[in-house]
Amino acid sequence: MTHMPDASQFLIPRGFRFGAAKAGLKKSGRTDFALIVADQPASAAAAFTANRVTAAPLIVDKAHLRATGSRVRVAAINAGNANCAAGEPGLAAARATCAAAAHIFGCKPEEVFPSSTGIIGVPLPAEKLIAALPALAESLSSEFDHFQQVAQAILTTDTIEKTAFARLEIGGPDGTSQEVRIAALGKGSGMIHPQLVPHATMLIYVLTDAAIEPVVLDAYLRAAIEVSFNRISVDGDTSTNDTVLLLASGSSGAVVGPNHVEFAAALTQVCTSLARQVVADGEGITHVVELHIEGAATDADALKVAKAIAHSPLVKTAWAGADPNWGRLIAAVGYSGAEIDPERIDIWFGSLPICRNGGRAPDFDEAAAHTYIAQPEFSIAIQLHQGPGACVFWTTDLTVEYIHINADYSS
């Protein structure tokens, strides 16, 4: 059985240690360099941005995973500098950080997984990270407060750290069961429209103490992110640095093979929780919107409709003003590229009928609709009557505060 623990039950997966330090990258002077260290090389699976402008650490990560057969000993994460669009010096900085971490932890440089988030186009002063490494390595702990330190250190424009937890019992061949823990932390607030592939930045680190081979772990990750991180958008911008890393230490002793339904469900639950936390902390947002697209010709068509709506400035600004202007929604459906019949589209705000058969619903109540979408969180359902395709997607409104945050970000 899967459990999402309350605050008194936070259980960190065994086999990992954590720590954070001030390396001097953030102008605020806050912690900006964090480590997640596995006691032994952990099985790894990762997904990265689809943006063709890719940050240096992602290039290094892909090479390192190939070299080690997807094993990671150290995740080294810095905030305050994206180490992107920095040319060969950016790659050299990432590799130098990996070499220094490998020396301290007695592993291969290829077993270090670097990540960066922050401003693009500014050289990364790797010497600051390298100088902070020895003391940081000495401070590592497996306790919850150190896990939380990492969650705080990697933030940029985020207003709050983002974490999620689950635990479940895995039955063994002898009839006994063993507890498996899953914990995740991440950051993301702006520049959020992840398009993660094999397929400000979103960085996600998911840890488990189950024993899972990399190829199996990869299949679990792909399935989980498709219905979580690939179903969110704040502003429609796909970052150069988006990364999701899943590590399995094996320290619980519980072996998880392919197609384990309960483990897959727990992992998806954790990923969905983090994805929704990212949306809820969107830059300047005042509304979180859950879109239910149903009756599409295919799931892919449903996703096209959801993204057209989620990326429409007209729709998003209407939500910011709690304006029940459903005409903007139906216009976005029309240009989404999905197969539609304009005279068979139905729309609801929560349980309120808004549009029926492509026109204003006979019982449409504008005042009630306004009151409903004035709430901080609300849902919109759209029925296309074309087939079995469906998706759930989470997005936000677009406010003046978003403009202020991003107009002033680099200064």
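What follows draws every value from the coordinates through simple rules; no lab data is involved. As the structure is a computational prediction, the values presented were derived from the model and not from experiment. Note: ideal-geometry Cβ built from the backbone for every residue, glycine included; neighbour counts use all protein chains shown.
Three principal axis extents of segment 57-178 based on alpha-carbon atoms, in descending order, are 55, 37, 27 Å. Phi angles across segment 91-102 convert, under the Karplus curve 6.51 cos²θ - 1.76 cosθ + 1.60 with θ = phi - 60°, into 3J(HN,Hα) values of 5, 4, 5, 5, 5, 5, 5, 4, 4, 5, 5, 4 Hz, Gly and Pro given as x. Cross-link reach is defined here as a Cα-Cα straight distance under 20 Å, omitting same-chain residues fewer than 8 places apart; for K187 the lysines meeting it are K22, K26, K27, K162. Counted residue by residue at 0.36 nm each, then reduced by the alpha carbon distance between them, the extension gain from R360 to I403 reaches 12.2 nm. I'd like the distance between the alpha-carbon centres of segment 6-69 and segment 126-147, rounded to an integer number of Å. One Cα centre to the other: 12 Å. Percent of Cα-Cα pairs more than 19 Å apart in segment 260-411, please. The answer is 55 percent, as a whole percent.
In order along segment 180-185, the Karplus-derived 3J(HN,Hα) couplings, from 6.51 cos²θ - 1.76 cosθ + 1.60 at θ = phi - 60°, round to 10, 10, 10, 9, 9, 9 Hz, and Gly and Pro are given as x. Only helices enter the 222 nm calculation for the chain: every DSSP H run of n ≥ 4 contributes -39,500 (n - 2.57), and dividing by all residues gives -10000 deg cm²/dmol, rounded to 500. For the chain, DSSP calls about 75 percent of its internal beta bridges antiparallel. Computed about its Cα centre, the charge dipole of the chain is approximately 1060 debye, with only Lys, Arg, Asp and Glu carrying charge at their Cβ. Given A331, P173, G387, which one lies farthest toward the positive end of the charge dipole of the chain, if we put +1 on the Cβ of every Lys and Arg and -1 on the Cβ of every Asp and Glu? The listed residue farthest towards the positive side: P173. Remark: segment 22-30, residue by residue, has Karplus-estimated 3J(HN,Hα) of 9, 9, x, 8, 7, 5, 6, x, 7 Hz, where x stands for each Gly or Pro and the curve is 6.51 cos²θ - 1.76 cosθ + 1.60 at θ = phi - 60°.
Taking a straight line from the alpha carbon of K108, these lysines sit under 18 Å away, with near neighbours fewer than eight places off in the same chain left out: K62. Once backbone amide H atoms are built at 1.01 Å from N, G250 has A210, A211, I212 as its partners under 5 Å, excluding neighbours fewer than 5 places away on the same chain.
As a rough guide to protection, the peptides 378-388, 177-187 ranked by mean Cβ packing within 10 Å, highest first, stand as 177-187, 378-388.
Mean sequence separation of contacting Cα pairs (under 8 Å, at least six apart), scaled by the length of segment 288-407, corresponds to a relative contact order of 46 percent.
Size check on the chain: the Cα extents along the three principal axes, sorted descending, read 70, 60, 38 Å.
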